[in-house]
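Structure first, then comments.
The values are calculated or read from the model by the stated rules, or taken from the named source; none is laboratory data. The structure displayed is predicted, hence computed values, not measured ones. Cβ placement follows ideal geometry from the backbone for every residue including glycine, while neighbour counts extend to all protein chains displayed.
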């Protein structure tokens, strides 16, 4: 997970976070408090965190980088004709 926390108590429900997200990861939930709708699409760009006026969102960029690295390695292995499952880089590694 790349979005570490959304503090519902601090949130102003302004909608900036889900409006600015380039991948539509966040969506308005109950009382317009954002929720993580598509966690797998988060690239940890931190736009939501940076634009939040009350710091209600914390992003954990390391998780996205690790997932992207695993995906790139899987693609490389596939290109070499190697089954990623045999190396421990199966779908559960992403």
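Residues in segment 34-48 that are in a helix (DSSP H, G or I) and touching a residue at least 12 places away in the same chain (Cβ under 8 Å) were compared, and the one that is nearest to residue 3 (Cα to Cα) is 39. Summed over segment 10-33, the residues that are in contact (Cβ under 8 Å) with a residue 40 or more places away in the chain and either out of contact with any helix residue (DSSP H, G or I) (no Cβ under 9 Å at 6 or more places or on another chain) or not in a helix (DSSP H, G or I) (or both) give a count of 3. Look at (1) modelled with pLDDT under 80; (2) loosely packed, with under 14 Cβ neighbours inside 10 Å and you find that residue 63 fails only one, number (2).
Residue-level check: of (1) touching a strand residue (DSSP E or B) at 6+ places or on another chain (Cβ under 7 Å); (2) modelled with pLDDT under 95, residue 56 misses just (2).
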